[in-house]
1. What single numbered condition from (1) of a type in the set (D, E, K, R); (2) open to solvent by 40 Å² or more (accessible area, probe 1.4 Å); (3) touching a residue at least 40 places away in the same chain (Cβ under 8 Å); (4) more than 25 Å from Y119 (Cβ to Cβ) fails to hold for K196?
2. Examine region 278-296 for a residue that is more than 16 Å from the chain's Cα centre (by Cα), away from the ligand (no atom under 16 Å from the Cβ), more than 19 Å from W183 (Cβ to Cβ) and without any contact (Cβ under 8 Å) to a residue 12 or more places away in the chain, and state whether such a residue exists.
3. Take the conditions open to solvent by 10 Å² or more (accessible area, probe 1.4 Å) and either β-branched (V, I, T) or in contact (Cβ under 8 Å) with a residue 60 or more places away in the chain (or both) and apply them to P217. Does it pass?
4. Give all pairs with beta carbons closer than 8 Å in which a residue from region 95-111 that is under 19 Å from L48 (Cβ atoms) meets a residue that is hydroxyl-bearing (S, T, Y) and not in a helix (DSSP H, G or I); count only pairs at least 6 apart in sequence or on separate chains.
5. Where residues in region 176-190 are open to solvent by less than 10 Å² (accessible area, probe 1.4 Å) and more than 11 Å from the ligand (Cβ to nearest atom), which of them is nearest to L200 (Cα to Cα)?
6. How about region 264-307: which of its residues are within 27 Å of Q353 (Cα to Cα) and among the hydrophobic types (A, V, I, L, M, F, W, C)?
7. Looking at the structure I just gave you, is L110 within 15 Å of the ligand (Cβ to nearest atom), under 14 Å from the mean Cα position of the chain (by Cα) and either at pLDDT 95 or above or open to solvent by less than 20 Å² (accessible area, probe 1.4 Å) (or both)?
8. From the list H317, H263, H325, pick out the single residue that is out of contact with any Leu (no Cβ under 8 Å at 6 or more places or on another chain) and not β-branched (V, I, T).
Amino acid sequence: MTIWRRRRLAAAGVAVLALLASATAHAQQQFSIGPITAAPGTVASGTLDVPARGGDTGTSVPISIIHGAKPGPVLALTAGVHGQEYTPVLALQRVLRTLDAKTLTGTVILVHVSNMPSYLARTIYYSPADNKNLNRVFPGRADGTLSERIAFVLTRDVIERATHVVDLHCGDGNESLRPYTYWITTGPPGVADAGKQLALAFGLDHIVVDRERPTDPAASVYLSNTAVTRGKPALTIESGGLARTDEESIATIERGIAGLLKHLNMRGDGPPPVENPILLDRSEVLRSGTTGIFYPAVERGHTVAKGTLIGRVTDFHGRSIEEIHAPFAGEILYVIGTPAISKGEPIAFVGAQSK
Ligand SMILES: [Zn+2]
């Protein structure tokens, strides 16, 4: 062997080593959450344990990891934060069946039912375990009540592990709702704009601009805001309601997720972002001042003028005790669609574009 040939072989060997090193650096590793591990290009499902404490029985959170063959963003999709919100739960079952890990870039974490106690008891808003709203106790506490411990596990094992978080809701069992997205404008630089891009990619044409979320990561309150206060773009979406499982609302969520996957370059094909969305700069939850029987006077999606009657409340003997009117002109994003109403509870949500 000539010296020249030996040198060339040595150079080729170095090149091969360099290639191997770079392939290792960019190769997809396995992805684990708690006891659940997914190899590249595979799907793994299991449950996260929320151990018993303080006399309650604890609970579990069923999740799936769809781990792409190639590294990329880690998108967390959470469903079932509220007990009677079924369309996101069913949409994620479809994503689990149809999303191909082999061709996916990055990783999708599916939280199938975030709030198992509320789901199994079919309660709206509040957990039967501690009477708390899971979406008001983030980032949770390891030593708290059951809802607080669920929030703690979701923060540690899902939100902290993700690069992007989308919390999927619909109207709860009592809410008649038209689809919309919450875009959170607070958070570290760049996060709000990335959140807006997520909202556009999800594709709903009504976007509530939310400027009021807390900025303290230790008191983030809401699931999606827990991600935002940790520097991760996040979104809350609403599609469906009244404990229904209608195809249109489920398909809307599926389409939105497909738009997110395309936007994040996790999958090649997907629907385009929404063009010319309606940004609702002003929005207000209207609340009942009394307890009794609620009669809505409007429907979801109705346009109302300032002062329009939204609904009235009677006592249990049929006497009218309260009328609730629109505080400004706008659109009904949701209105309560069942009779039971307690003092302080929402009766409708009105949004409007700024003039
Ligand atoms: Zn909800």
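The values are calculated or read from the model by the stated rules, or taken from the named source; none is laboratory data. The structure displayed is predicted, hence computed values, not measured ones. Please note: Cβ atoms are built from the backbone with ideal geometry, for glycine as well, and neighbour counts cover all protein chains shown. The protein model used for the area step is the full one, side chains on, heavy atoms only, and it has no ligands, DNA or RNA in it. Shrake-Rupley method; radii C 1.70, N 1.55, O 1.52, S 1.80 Å.
1. (3)
2. Within region 278-296, not a single residue is more than 16 Å from the chain's Cα centre (by Cα), away from the ligand (no atom under 16 Å from the Cβ), more than 19 Å from W183 (Cβ to Cβ) and without any contact (Cβ under 8 Å) to a residue 12 or more places away in the chain.
3. Taking the combined requirement at face value, the residue satisfies it.
4. That search, which allows pairs on different chains as well, returns L96/S45; L96/S64; I109/S64; L110/S64; V111/T78.
5. Ranking the candidates gives T181 first.
6. Scanning region 264-307 gives V274, I278, L279, L280, V285, L286, A297, V298, V304, A305.
7. no
8. Matching residue, one of H317, H263, H325: H317.
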